[in-house]
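Data block below; observations after.
Nothing in this text is a laboratory measurement; each read-out follows from the coordinates by a stated rule. These figures come from a predicted structure and were not determined experimentally. Neighbour counts are summed over all protein chains in view; Cβ atoms, including those assigned to glycine, are modelled from backbone coordinates with ideal geometry.
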Ligand code: NDP
């Protein structure tokens, strides 16, 4: 680690000692920014990175709601408005019991660079709650969403801050929150993305993150004159990102053999098919069941429950060519990364945010595999959210083909930025530096232009 990185990390850790995920995200980007500072001391004197790591604003609030039995619950709501140098704050809302300030700060921080990479005018933000939608009735979820929005509406707006979905927040939750916002403000605007198609949503938004992650991997493979044809792929998660990753991989001729949820994973040696994916979508999006049910329906597949005694995840210990972590942060630790490499995986595209620990990332970089970090690989989701905002402003929807075409162009462009930037800063093939620096430069220049604010 350079002196500069040590200095930054000391400051971050002493200020917010209880935010390990935020430290991890900052440490990774700081290594890349140190390369920029060597060439551009003007950013250092303006303390650009030191300003980026401090949120412009943090909003934290009480979210009281009543369950179906009449009992009262009090959750905590957050919105981190991280950086607005290149556009309104933009980033998802996460509803999961693990949510806290440090996790949302790491996500908001990553979002700043990701949004910049899309080349669309979007700043970075993130928010959510420690509310757990699992096992709640639709009415309970609705009452929670209404209570959450009854405070959040004061802080957001189509030109200020435009939230979207993330873990635990899909079309249902966006619908309830949009309804409450509209009632409180008495206006119909594009204040949230991921909306339903009949009320301002964009075609391809549900698919965008998964499709984008596969487009990114396809670009990486193309750089070695390869395609997905017959490639064996590991996918984790079984939510929005995982489902559409599988859909696009199937279209491109790959063989997908795993899916997971927080209880365990399935291994289907014969590979998923469109029919099996339909079953998973119904299971997860309608019945809200567990992935274990996959093996009850498809008898040749195996289910492995999570074993907390293990210091690795057996999902990542299967022979394959490509891996698409699409569940959550730090789901690939150092040992998992070693197992992936040992089993022949040479393409990793991160659908999830920061799914690999720093040690794991270092193994991928040392091995010289095609490794796309989350802020590049999963930027397709927010990119199509940006396109949803454009369509809302024009009050004119685009066709499926138009949006998908724009998404694939944006992913190609992100790939190109990563490759060219990594090379320009002396680390060819290092998509981590490419993404971090590519995202940083645009935000840094905007901050320089706008003065000390
Ligand atoms: P969903 O809520 O739709 O699905 C999340 C999936 O990950 C579920 O299968 C869930 O299992 C699993 N999961 C969640 N937390 C854990 C955990 N702690 N341990 C193991 N498994 C877990 O979320 P998304 O698919 O939208 O998000 C997945 C990832 O992609 C996240 O990292 C998110 O930040 C990232 N992402 C999402 C974007 C989007 O557009 N939705 C955009 C960019 C990034 P279970 O049901 O058991 O909890």
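Based on the alpha-carbon gyration tensor of segment 258-311, what equivalent-ellipsoid semi-axes (square roots of 5 times the eigenvalues) come out, in whole Å, largest first?
Over the Cα atoms of segment 258-311, the semi-axes work out to 19, 14, 8 Å.
Could you tell me whether segment 204-360 comes out rounded, prolate or oblate from its Cα gyration tensor? Rule is a ≥ b ≥ c as square roots of the eigenvalues, rounded for a/c under 1.5, then prolate if a/b exceeds b/c, otherwise oblate.
Rounded, since a/c falls under 1.5.
Tally the DSSP beta bridges in the chain and give the antiparallel ones as a percent, rounded to 5.
Antiparallel: roughly 60 percent of the beta bridges in the chain.
How would you order 305-312, 259-266, 404-411 from highest to lowest mean count of nearby Cβ atoms within 10 Å? Numbers along the way, then the final one.
Numbers: 305-312: 10.0, 259-266: 21.2, 404-411: 19.1.
The most tightly packed comes first, giving 259-266, 404-411, 305-312.
Return 173, 151, 270 ranked ascending by Cβ neighbour count within 10 Å, so the fewest neighbours appear first.
With the fewest neighbours first, 173, 151, 270 line up as 270, 151, 173.
Based on C-alpha coordinates, I'd like the Rg and Dmax of segment 149-214, in Å.
In Å, with Rg to one decimal and Dmax whole: 12.1, 40.
With a ≥ b ≥ c taken as the square roots of the eigenvalues of the C-alpha gyration tensor of segment 1-143, please select rounded if a/c is under 1.5 and otherwise prolate if a/b is larger than b/c or oblate if it is not?
Since a/c reaches 1.5 and a/b is larger than b/c, the shape of segment 1-143 is classed as prolate.
Report D for segment 251-343 in µm² per second (integer): Stokes-Einstein, Kirkwood Rh on Cα pairs, 10 °C, 1.306 mPa s.
113 µm²/s
Taking just the alpha carbons, could you work out the radius of gyration and Dmax for segment 336-453, both in angstroms?
16.8, 51
Give me 328, 118 sorted ascending by neighbouring Cβ count inside 10 Å, so fewest comes first.
328, 118
Determine one quarter of the surface area of the Cα convex hull of segment 118-233, which equals its mean projected area, and express it in nm² to one decimal.
Projected over every direction and averaged, the Cα hull of segment 118-233 covers 9.9 nm².
Starting from the Cα gyration tensor of the chain, take the square roots of the eigenvalues, sort them a ≥ b ≥ c, and report rounded, prolate or oblate (rounded when a/c is under 1.5, otherwise prolate if a/b is larger than b/c, else oblate).
rounded
First obtain the Kirkwood hydrodynamic radius of segment 23-76 from its Cα pairs, then insert it into the Stokes-Einstein equation at 37 °C and 0.692 mPa s, and state the resulting D in µm² per second as a whole number.
Result for D is 224 µm²/s.
Using just the helices of the chain, give the 222 nm mean residue ellipticity in deg cm²/dmol: DSSP H runs with n ≥ 4 each add -39,500 (n - 2.57), and the total is spread over all residues, rounded to 500.
-15000 deg cm²/dmol
Report the Cα centroid-to-centroid distance between segment 51-80 and segment 347-398 in angstrom, as an integer.
The distance from the Cα centre of segment 51-80 to that of segment 347-398 comes to 26 Å.
When ranked by the protection proxy of mean other Cβ atoms within 10 Å per residue, highest first, what sequence do the peptides 420-428, 70-78 form?
420-428, 70-78
How many percent of DSSP beta bridges within segment 208-377 run antiparallel, rounded to 5?
Just about 40 percent of them are antiparallel.
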